[in-house]
Amino acid sequence: MNSLVLCSYKQPLEGAKFRWGVLRDQRDTKKEPLSYKTITGSYRADDPAFERTRNIDTLQTRDGFRCLYRERQKWRVKIPLVGSLVKRFL
């Protein structure tokens, strides 16, 4: 039972973008920490305002899997059960 998620997401370097996809996973990074290489990678080195937050949503989109920090989402609509119908078209 997957949910369809529509949201506005603020990218650290690119600004706000509309994102949509099928919610595959939700993760609390305090309980399941990210790797050291991911946290200190070059992508984050150029953005001094970037702050890693706790909750990550993994979405399956047309471009593949994307991980989004839930706290960086300005608005979010989650539609239960529709993701199961949509994911075959991704």
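The values are calculated or read from the model by the stated rules, or taken from the named source; none is laboratory data. Small disclaimer: the values here were computed from a predicted structure and weren't measured. Cβ placement follows ideal geometry from the backbone for every residue including glycine, while neighbour counts extend to all protein chains displayed.
Numerical summary
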| item | result |
| --- | --- |
| Close pairs from the range 71-89: first at negative phi, partner surrounded by 11 or more Cβ atoms within 10 Å (Cβ to Cβ) and in a helix (DSSP H, G or I), Cβ under 8 Å, at least 6 apart | Arg76/Arg70 |
| When residues of the range 12-23 are limited to those that are over 10 Å from the mean Cα position of the chain (by Cα) and in a strand (DSSP E or B), the one nearest to Asp57 (Cα to Cα) | Val22 |
| Top-ranked residue of the range 71-83 - restricted to ones that are basic (Lys, Arg) and closer than 12 Å to Arg19 by Cβ, ranked as surrounded by the most Cβ atoms within 10 Å (Cβ to Cβ) | Arg72 |
| Residue in the range 23-40 that is modelled with pLDDT of 90 or more and of a type in the set (Ser, Thr, Tyr) present | no |
